[in-house]
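Heads up, the thing below is written out as structure tokens.
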Amino acid sequence: MPPNDANSTEKPGEAGSIALIRRLFAETGREFAGRYALAIFFMAIVAATAGGTAWIMGDVVNQIFVDRNEGMLFVLSGAILGISFLRGIGTYGSSVTLARIGNSVVAKTQRRLYDHLLSLGVDFYNNTHSSEFITRMSHNAGAVRSVLNTVVSSFGRDLLSCVGLVAVMVIQSPLLSLIVLVTGPLAVIAVTGLVKKIKAISRSEFRSQGQIIKSMQETAHGIRIVKALNLEPAMRSRMDVAVDAVRQRSNKMAEIQARTGPIMETLGGAAVAGVMLCAGYATIYLGEKPGAFMSFITAILLAYEPAKRLARTHVSIEAGLMGVRMMYELLDTKGSMNLNPDGPKLRITKGEVRFDKVDFAYRSNAPLFDKLDFVAEGGRMTALVGPSGGGKSTLISMILRFYDPVSGKIVIDGQDIATVQIASLRDAIAFVSQEIVLFNDTVRENIRFGRPDATDAEVEQAARDAMAHDFILDMPKGYETLLGDQSIPLSGGQRQRVAIARAMLRNAPIILLDEATSALDSESEHHVQVAFDRLMRDRTTIVIAHRLSTVLGADKIVVVVGGKVVEQGRHDELLAAGRQYARLYRLQFKEQAETDIRDDVTAA
């Protein structure tokens with residue numbers, strides 16, 4: 001995880017619990033303050049009925065069982081019925097209100113996390129496994145709800161109930177109350193020691209859960225390799241390790257949380273035994289009525305559960321706060337580049353793209369570009385060729401501002417792209433990469449992502465231009481067929497043509513093609529190349545191509561080797577020069593000729 005802030009002295013993961021809860025309520029809880037107040041109102045009703053039940057038990061014993069007062073029999077029975085009804089209303093109201101607030105909190109947190117993830121640059125995603133995002137989206141959002149609801153429930157229901165019941169105890173018997181109240185500090189001391197252990201286990205459990213998701217993702221995405229290489233035992237072993245780690249930590253967490261039970265049971269039993277001893281002595285030897293004792297003991301019994309929950313509150317909150325800490329680690333991660341939301345919009349006139357003395361290096365790696373210069377003329381086709389690893393794809397990424405130069409600048413029509421609104425920059429570009437991404441939506445919508453306001457007719461025309469219309473109509477539901485994870489199997493060429501149709505629909509003045517025809521067979525490539533010729537007319541086009549046959553007609557060919565432009569010019573000029581491009585050309589066409597001979601022999 002990248003650092004949150006270079007000037008920060010304390011990471012969110014190290015923030016104190018009180019400060020973290022305060023921030024959580026300020027940023028999330030404040031929006032639901034009115035609904036939390038309603039929940040606390042219902043909880044106050046529950047707390048009041050608990051105190052009322054304990055108080056009335058004294059009159060029940062004295063008036064009915066000692067004094068045998070017939071008139072009070074019906075009055076007190078009705079009072080108990082009314083108290084029970086109010087308690088039921090309060091319990092229902094608080095439960096439903098808290099559940100609705102919790103669901104809204106989860107939804108808000110997930111939206112907030114997702115919006116923040118969208119705002120981060122490509123470099124962040126390169127350094128973070130996708131399984132961590134999934135774990136944070138599910139675990140952190142649930143942790144926020146858990147912490148907020150625990151805090152509100154503990155202090156709105158349990159604390160109020162304990163306060164009311166302690167008031168009844170003190171009024172009924174101040175002396176006996178001292179016996180009960182002395183157990184409170186002992187419980188706090190005993191529980192505090194468990195909190196540090198909870199912190200460490202919670203973070204380890206989160207990481208182990210992320211490992212399970214990571215293993216699932218790798219298995220699903222790489223299932224062909226897993227099957228082809230008989231990797232099932234190895235993948236099963238990795239999953240067993242991750243699952244067992246979660247099991248062990250979950251067991252340890254349950255064990256530590258359960259330790260509050262014996263502590264409270266023992267202290268609670270000691271308090272009740274002491275009260276019974278004193279009250280029994282007063283009743284037997286001093287002739288006092290048992291009503292006050294029954295009211296007191298009822299208050300103890302009713303206070304036992306909320307007191308036990310309060311004792312566990314610190315442990316429960318600390319377990320949930322680990323998810324909150326990790327949420328803020330993500331939310332406090334700053335993007336590595338300025339998106340310039342208030343800057344000027346990019347204005348395209350010619351569409352000229354210029355690299356001006358650009359230096360660039362990936363994090364902790366050796367410099368890739370050193371004072372790199374080249375120009376892609378507006379309205380013309382520029383091809384980037386050269387050995388793999390030379391930096392061609394990085395050049396494309398930098399035009400899209402996936403990465404910014406360390407020094408130097410990239411200029412489009414005289415405007416430094418680092419100073420304009422990044423949205424306006426990307427609106428001016430259509431990009432087709434080697435890695436085809438199809439979203440979990442219909443064919444029509446996958447193409448329409450190129451320009452969301454496009455009509456159905458425009459979508460279908462783009463598909464025709466990309467030579468995709470015919471095979472789309474052959475699908476079970478045509479343009480309404482689902483792609484993405486739920487898609488029917490598509491060949492590499494079909495997937496590529498859907499992506500090309502998306503780029504055509506965008507109708508942008510600058511076209512970036514990163515091996516855009518790499519997955520096509522020769523016939524499909526020919527048809528798509530014709531469509532590309534129409535698309536590229538009067539537009540600035542920058543093409544990365546390993547197959548030199550696809551860029552022979554480029555207006556300029558730029559040869560990039562080891563992050564440097566070693567030569568540039570038209571195909572015939574570079575071939576005549578007999579340098580790097582000529583060597584690449586001869587080597588590639590020799591390999592192609594050998595492949596054709598082998599194919600002919602095999603066919604014969």
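The values are calculated or read from the model by the stated rules, or taken from the named source; none is laboratory data. What you see is a predicted model; the values in this text were computed from it and never measured. Ideal geometry is used to build each Cβ from the backbone, glycine not excepted, and the neighbour counts take in all protein chains shown. To get the accessible areas, we keep the full protein, side chains included, count just its heavy atoms, and leave off ligands, DNA and RNA. Shrake-Rupley method; radii C 1.70, N 1.55, O 1.52, S 1.80 Å.
Listed values, structure above:
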| read-out | value |
| --- | --- |
| Additional length obtainable on full extension of the chain from Phe439 to Ser17, 0.36 nm per residue less Cα span | 147.9 nm |
| Loop trypsin sites (Lys or Arg not before Pro), the range 353-420 (other Cβ atoms within 10 Å of the site Cβ: 15 or fewer; DSSP) | Arg363 |
| Burial order of peptide ranges 295-307, 228-240, 100-112 (average beta-carbon count within 10 Å, highest first) | 295-307, 100-112, 228-240 |
| Leu301-Asn126 FRET efficiency (beta carbon distance; Förster radius 51 Å; 0.05 resolution) | 0.30 |
| Estimated FRET transfer efficiency (Ala361, Phe155; beta-carbon r; R0 45 Å; 0.05) | 0.30 |
| Probe 1.4 Å, accessible area per residue of the range 431-502, Å² | 50 Å² |
| Simple spin-label estimate for Lys371 and Tyr114 in nanometres, 7 Å along Cα-Cβ | 4.9 nm |
| Projected label distance in nm at Ala37 and Phe449, using a 7 Å step from Cα toward the beta-carbon | 4.5 nm |
| Peptide ranges 60-66, 572-578 listed from the most packed, as the mean C-beta count within 10 angstrom indicates | 60-66, 572-578 |
| Whether the range 314-389 is rounded, prolate or oblate, judged on the alpha carbon gyration tensor where a/c under 1.5 counts as rounded | prolate |
| Unit charges at the beta carbon, dipole of the range 312-365: most positive-side option, Asn340, Met326, Val315 | Asn340 |
| Rh (Kirkwood; distinct C-alpha pairs) - the range 278-413, Å | 22.2 Å |
| Links that overshoot a 29 Å alpha carbon limit, given the list Lys214/Lys371; Lys334/Lys357; Lys334/Lys556; Lys357/Lys556 | Lys214/Lys371; Lys334/Lys556 |
| Val96/Ser138 FRET efficiency (R0 30 Å; Cβ-Cβ; nearest 0.05) | 0.80 |
| Inter-site label distance for Asn69 and Gln421 at 7 Å from Cα along Cβ, in nm | 7.8 nm |
| Tail fraction, Cα-Cα pairs, the range 394-463, threshold 19 Å, whole percent | 48 percent |
| Three-way shape label, the range 24-167, alpha-carbon gyration tensor, a/c 1.5 | prolate |
| Whether the range 33-80 is rounded, prolate or oblate, judged on the alpha carbon gyration tensor where a/c under 1.5 counts as rounded | prolate |
| Cut-off 12 Å between beta-carbons: net charge of the residues surrounding Val152, Lys and Arg +1, Asp and Glu -1 | +2 |
| Share of carbon and sulfur in the accessible heavy-atom surface of the range 81-176 [1.4 Å probe, %] | 66 percent |
